[in-house]
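Data first, discussion second: the structure below is written as structure tokens.
The values are calculated or read from the model by the stated rules, or taken from the named source; none is laboratory data. None of the values given here were measured: they were computed from a predicted structure. Note that each Cβ is placed from the backbone with ideal geometry, even for glycine, and that neighbours are counted across all protein chains shown. With ligands, DNA and RNA removed, areas are computed over all heavy atoms of the protein, side chains included. Shrake-Rupley method; radii C 1.70, N 1.55, O 1.52, S 1.80 Å.
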Amino acid sequence: MRSAGSQSYIVWTLFVALFSYLLIRTVYLPIQHDESATFFYYIQTGSFLPPDVHWDANNHILNSFLSYCCYKLLGNEPWILRLPNLLAFVLYFWAAWGVAVTIKKSFIKWGFFLSLVMAHYLFEYFGQTRGYGLSMALLMAGTFFLLRFLKHPGKWLFALVIFTLFLATSANLTLLTPSFLMIFYVLIVALLSEKSVKSYCVTIGLFLSSLLLFYPLIWYSFELKTRGALYYGGTSGFWEYTGQSLSTYFIGSYADWMAVVYTLLICGLLAGLLFLIVKANGYRKQLLHRPSFFFSYLFVGAIAAIFAMRYLLHVNFPEDRAALYLFPFLMFMFTFVINDAIVSGIKNASWCILPLVYFPIHFIAHINISTTIFPMSENPPAAFFDRFSKEKNPAELPSIGGYKMQRLCWAYMNHQRGGHYSQMLVSDQVDTICDYQIVDISRKLPTNFRTLYTQVNTVPDNNLNLYRRSIPLTRKLISRQDTISNWNHSNEEFFNLFSFELPDSLKGCPVFVCITATIDAHAAPFVASVVVSQKDKAGKELNQENIHLDWLKKTWNNQPGNLHHGIVVPYTHPDASQLIVYLWNQKKMPFLLHNGKVELFVLK
């Protein structure tokens with residue numbers, strides 16, 4: 001009794017410590033790129049269900065819905081948007097403990113449990129507004145219910161397994177095949193346990209109901225594939241993408257020889273399972289009800305499903321978070337096969353559990369409140385924005401450049417602060433045009449960059465520096481259009497603001513477009529963009545730059561001059577004959593634009 005009380009005390013202490021740490025991370029971790037995308041495309045719009053949805057794999061439907069509810073109730077601070085995943089950790093922790101307590105040997109139980117709750121890469125997702133934390137919590141709950149079912153088969157447990165796995169998949173579509181592997185296994189066990197035609201029919205009915213329940217998610221997955229939205233991962237090989245990324249983020253490194261070690265480990269576990277089936281007394285009795293057999297089936301089935309989807313459906317091999325579920329599956333298989341080997345009399349097998357001690361050590365080594373194991377170079381910190389806004393008044397329309405993946409985080413920080421500054425000019429290479437630049441110092445810089453720019457802030461954790469141009473380029477006015485208006489609340493998709501015939505003297509020159517107007521839109525957010533497009537003589541678009549109005553602010557309520565922003569065009573195309581500025585009303589919602597003015601400057 002005293003031992004049970006001590007164990008309970010340790011578990012509660014660990015939970016309080018981990019949850020407290022996670023809470024602090026949830027508050028202080030800078031907004032991540034994918035979180036910003038989730039906010040702009042799904043949370044702010046409230047559009048996360050097809051067909052009126054931005055078609056992208058970023059939409060983890062359950063996460064989008066719950067984060068949207070938090071946003072409507074409490075606001076748009078990052079910690080508010082992350083609340084559903086933060087609270088999901090409670091479910092994950094106690095479901096993991098529920099699975100762990102089925103193991104009698106304390107050393108194995110604790111090694112297994114700590115590997116699940118103290119794998120820092122997985123742990124981090126409970127502090128982000130992504131679907132992965134939610135899905136892992138629900139998957140763990142489904143696993144807990146499934147193990148209960150294997151001990152005591154029953155209709156309610158079968159239904160509970162189906163429902164929790166449905167919720168898990170709605171939070172993370174990559175769980176579609178693992179969920180059906182689990183449901184199919186429960187179906188087989190249930191059918192073999194039934195003793196009457198009525199019970200048999202009820203079980204079949206539950207399975208058919210699961211197909212109907214999952215059908216919208218299946219349809220959505222195929223629709224994403226058809227639209228090219230299942231882009232994450234790659235095609236060159238399982239180890240090149242799935243194995244390498246998981247090894248890198250979970251244990252901190254990967255090399256080709258490690259793929260051999262992992263393969264031998266899996267083969268060794270399967271050989272151990274086969275040995276137990278053939279040699280261990282009584283193991284074959286109730287074989288389907290043994291967790292070690294089920295978890296081996298689940299892990300091998302999940303790997304087989306990945307290969308089947310790659311070569312039959314041409315879906316990419318999943319990378320890092322898209323294959324996150326493989327980690328707990330491997331831990332399940334590893335631990336329960338070793339546990340059954342010990343129970344069957346192979347006592348030396350207990351030493352095999354020692355590698356799991358690595359995960360809490362790795363966790364402690366990575367404790368921090370401001371970074372993630374996943375690379376941070378695409379997430380410019382709030383300190384950069386604060387320094388930028390402190391040095392420059394938004395009325396001056398200062399320009400800032402960065403990399404493509406940094407744009408959404410910058411837009412989110414600007415949105416939080418009222419959307420007064422212009423959006424980031426993005427490029428794969430650092431330019432020397434903008435007033436400020438966010439630079440990844442691990443990348444190659446232009447030879448004259450350090451003579452043109454002065455460093456004003458740095459964040460060593462993600463290799464990013466903020467630079468200010470020592471002598472900003474001057475803006476020389478070359479054309480202007482005043483009194484622009486559409487005169488009434490129209491819902492036209494495109495509204496032309498400005499057109500300019502480009503002379504040869506401007507070819508190759510950078511230009512700056514300033515747009516000032518008063519906008520009144522009924523929709524909130526008003527999903528629209530101001531676009532600067534370059535076209536050739538045949539009317540073909542050569543390139544474009546834009547400002548997303550819904551990334552600046554949610555409401556456009558006729559405040560005088562509520563649109564006053566600039567767009568940098570880094571160079572005018574040699575084949576361009578015309579520069580056009582227009583408003584693209586993507587949702588075709590009623591809007592009024594008046595007192596509009598567009599000014600075109602050449603930068604020198």
Would you list the membrane-span-like helices of the chain, meaning whole DSSP H runs whose alpha-carbon atoms span at least 15 Å along their axis and whose mean Kyte-Doolittle value is at least 1.6?
155-171, 176-193, 256-279, 326-343
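Between His420 and Asn595, what length comes free when the chain is fully extended (0.36 nm per residue of separation minus the Cα-Cα distance, one decimal in nm)? Could the numbers behind the result be given before it?
On the way: separation 175, 0.36 × 175 = 63.00 nm, distance 1.84 nm.
Answer, rounded to one decimal: 61.2 nm.
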Per 10 Å bin, what is the whole-percent P(r) computed from every C-alpha pair distance within region 290-367?
16, 35, 31, 16, 2
Taking the Cα centroid of region 178-198 and of region 536-581, what is the distance between the two, rounded to the nearest whole Å?
58 Å
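Rounded to the nearest 500, what is the 222 nm mean residue ellipticity of the chain from helices alone, with -39500 (n - 2.57) per DSSP H run of 4+ residues and division by all residues?
On the way: 20 runs with 280 residues, N = 604.
The per-residue figure over the chain is -15000 deg cm²/dmol.
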Rg/Rh for region 451-547, where both radii come from Cα atoms and Rh is the Kirkwood radius:
1.05
I need two numbers for region 480-604: Rg to one decimal and Dmax as a whole number, Cα atoms only, in Å.
14.4, 42
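Quick one: pull the percent of accessible area on region 36-107 belonging to carbon and sulfur, 1.4 Å probe, ligands and nucleic acids left out.
Details: 1880 of 2780 Å².
Taking all protein chains in place, region 36-107 shows 68 percent carbon and sulfur surface.
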Round to a whole angstrom and tell me the spacing of the C-alpha centers of region 13-87 and region 318-360.
31 Å
Computed over the Cα atoms, what is the radius of gyration of region 383-466 divided by 2.2 N^0.38 Å, N being its residue count?
1.03
In region 331-379, what percent of the accessible surface is made up of carbon and sulfur (1.4 Å probe, ligands and nucleic acids excluded)?
71 percent
Once normalised by the length of region 322-424, the mean sequence separation of its alpha carbon contacts under 8 Å that are 6 or more apart gives a contact order in percent of 19 percent
Taking all protein chains as present, what is the carbon and sulfur share of the accessible area of region 387-510, in % to the nearest whole number, probe 1.4 Å?
49 percent
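Send over a whole-number figure in Å² for the accessible area per residue of the chain, probe 1.4 Å. Show your work: numbers first, answer last.
Numbers: 26410 Å² over 604 residues.
About 44 Å² of surface per residue is accessible.
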Lysines near Lys390 by alpha-carbon distance under 28 Å, same-chain residues fewer than 8 away left out - which ones?
Lys404, Lys476, Lys553, Lys554, Lys597, Lys604
Determine which lysines satisfy two conditions relative to Lys537: a Cα distance under 24 Å, and not lying fewer than 8 residues away in the same chain.
Lys507
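Taking the Cβ of Phe495 as the centre, find all other residues whose Cβ is under 15 Å away and add up their charges (Lys, Arg: +1; Asp, Glu: -1).
Details: positive: Lys587, Lys588, Lys597; negative: Glu492, Glu493, Asp520.
The answer is 0.
Highest first, please rank the peptides 381-393, 314-326 by the mean number of other Cβ atoms sitting within 10 Å of their residues.
Numbers: 381-393: 16.9, 314-326: 20.5.
Taking the mean over residues of other Cβ atoms within 10 Å, the ranking is 314-326, 381-393.
Among 76-85, 437-446, what's the highest-first ranking by average C-beta atoms within 10 angstrom per residue?
On the way: 76-85: 21.1, 437-446: 16.3.
With the highest mean Cβ count within 10 Å placed first, the list reads 76-85, 437-446.
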The Cα extents of region 1-63 along the principal axes, largest first and rounded to whole Å, are 58, 25, 16
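With a Förster radius of 60 Å, plug the Cβ-Cβ distance of Gln7 and Asp431 into 1/(1 + (r/R0)^6) and report the FRET value to the nearest 0.05. It would help to have the intermediate numbers written out before the result.
Details: r = 60 Å, r/R0 = 1.00.
That gives a FRET efficiency of 0.50.
What is the ratio of the Cα radius of gyration of region 543-592 to 2.2 N^0.38 Å, with N the residue count, to two decimals?
Numbers: Rg = 13.7 Å, N = 50, 2.2 N^0.38 = 9.7 Å.
Rg over 2.2 N^0.38 Å, computed on Cα atoms: 1.41.
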Can you work out the base-10 log of I(q)/I(0) for the chain at q = 0.08, 0.10 1/Å, using the Debye formula on its C-alpha atoms alone?
-0.66, -0.94
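Would you mind putting 463-469, 501-507, 135-141 in packing order, based on average other-beta-carbon counts within 10 Å, highest first? Let's see the in-between values first.
Values: 463-469: 20.4, 501-507: 12.3, 135-141: 27.6.
Most protected by this proxy first, the peptides run 135-141, 463-469, 501-507.
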Computed label-point distance, nm, for sites Glu492 and Ser479 using a 7 Å Cα→Cβ extension
1.9 nm
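Normalising by the residue count of the chain, find the relative contact order in percent from Cα pairs under 8 Å and 6+ residues apart. Let's see the in-between values first.
Values: 1018 pairs, mean separation 75.8, N = 604.
Answer for the chain is 13 percent.
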Under 18 Å from the Cα of Lys109, which aspartates and glutamates turn up, not counting those fewer than eight places away in the same chain?
Asp340
Amide N of region 16-30 lying under 20 Å from the label point, which is placed 7 angstrom from the Cα of Ala383 along Cα→Cβ:
24-30
Expressed in nanometres to one decimal, the distance between label points 7 Å along Cα→Cβ at Lys285 and Ser350 is 2.5 nm
Counting pairs on different chains as well as pairs 8 or more places apart, how many Lys pairs in region 112-227 have Cα atoms under 25 Å apart?
4
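Rounded to a whole number, what is D in µm²/s for region 150-297 from Stokes-Einstein with the Kirkwood radius over alpha-carbon pairs (25 °C, 0.890 mPa s)? Before the final figure, lay out the partial values.
Values: Rh = 18.3 Å.
So the translational diffusion coefficient is about 134 µm²/s.
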